[in-house]
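Read the structure below first, then the notes.
Only the coordinates and a few stated rules stand behind these numbers; no lab work does. All values reported here derive from a predicted model rather than from experimental measurement. Ideal geometry is used to build each Cβ from the backbone, glycine not excepted, and the neighbour counts take in all protein chains shown.
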Amino acid sequence: MLITVQHHILQQQEDLFPEARGNFSSLLSGMTLATKMIQAKIRRAGLVDILGAAGETNVQGEAQQKLDVYANQAVLHCLGARESVAMMVSEENAQPITLDRSETGKYIIVFDPLDGSSNIDVNVSVGTIFSILRRPDGVHGEAAVLQPGWKQVAAGYVLYGSSTIFVYTAGHGVFGFTLEPEIGAFVLTFPNMKMPAQGAMYSVNEANVDTFPDSCRAYLSRLRERGYSSRYIGSLVADFHRTLLKGGVFLYPPTKKNPQGKLRLLYEANPLAFVAEQAGGQAIAGGSRIMDIEPRSIHERTPLIIGSKVEVGEYYEMQKG
């Protein structure tokens, strides 16, 4: 019997969040609806006028793709209509989007609507990353969003590739669902996902290796000496999904150009760190656990070393020395 994501979420809510009264399942159902809309548009890329740049830049100073704009609007539309949502934060918007329910809504949604969108014109897998936080009582505006990752209620990602896969955690394991196009539903295909304790691959943009810290260059050299294979797609969700399934390590270290790192803490690093830890992996930035970092701004950047315990643990020890 097929288990759909809606059925699974409802069961998790009954078991883990009985006080949510449907709010939690409504949020994740809204996210799955948005991602179905996004994947449908991606499937038609090249057949309709959705490829290429939109002619604008986002708050990061990056050129927006047309699909960036569409994906952002889809998530804002599908989640903004949920009664339990007080606020939303997107990579594509400079400021948090405060809804009329900012005083009564229980949750804050933080998301990257289309990660890796610069690859969409060449048909490389892209994704959506999301995080759900509780709205703190008596805290308003941006301050309500600036919570460390360990406070996440749920997080996950969607990978748009040869199939569309929805992966999420609510703090009690990691579960993956594949979109079955014939019935239009995500069905459980990866129950209780576990990252191997050690892998045989590393993933990093080695074109920047000369600008990495000395400890990172020494670490990569050691991996190569041991026979590790290099696999780098250049789409964070795709690279992380492979690491989750196969083990190993994904690295986006600081560079001379980006000494504070380049990935965004709240809506890229924290959600994937939550998934990684729940699957038995680890995620760090230098000497810190990613999910212990106290964010200072909604678009704060961070280095990210994420993957299997053996590889991440060794990196941690080497950079300390």
Q) Amide H neighbours of Thr189 under 5 Å, counting only residues 5+ apart in sequence or on other chains, H built in-plane at 1.01 Å? A) Gly176, Phe177, Thr178
(Q) If each residue of separation counts as 0.36 nm, what is the full-extension length gain between Arg296 and Glu314 once their alpha-carbon separation is subtracted? (A) 3.6 nm
Q: Any lysines with Cα under 24 Å of the Lys66 Cα? List them, leaving off those in the same chain fewer than 8 positions away.
A: Lys36, Lys41, Lys262
Q) Principal axis lengths of the stretch 201-320 from Cα atoms, whole Å, largest first? A) 39, 32, 27
Q) If you work out Cα extents along the principal axes in Å from the coordinates, which of (i) 52, 47, 45; (ii) 51, 43, 42; (iii) 102, 50, 39 do you get? A) (i)
Q. Between Arg289 and Ser215, 0.36 nm times their residue separation minus their Cα-Cα distance comes to what?
A. 24.9 nm
(Q) With n ≥ 4 as the cut-off for DSSP H runs, can you work out [θ] at 222 nm for the chain, using -39500 (n - 2.57) per run divided by the number of residues, rounded to the nearest 500? (A) -9500 deg cm²/dmol
Q) Using alpha carbons only, how many degrees (0 to 90, rounded to 10) separate the axis of helix 23-43 from the longest principal axis of the chain? A) 70
Q: Among Gly307, Thr32, Trp150, pick out the residue whose Cα is farthest towards the positive end of the charge dipole of the chain, where Lys and Arg carry +1 and Asp and Glu carry -1 on C-beta, about the Cα centre.
A: Gly307
Q.
Going by amide H atoms built from the backbone, whose H comes under 5 Å of the H on Gly280, apart from near neighbours?
A. Met195
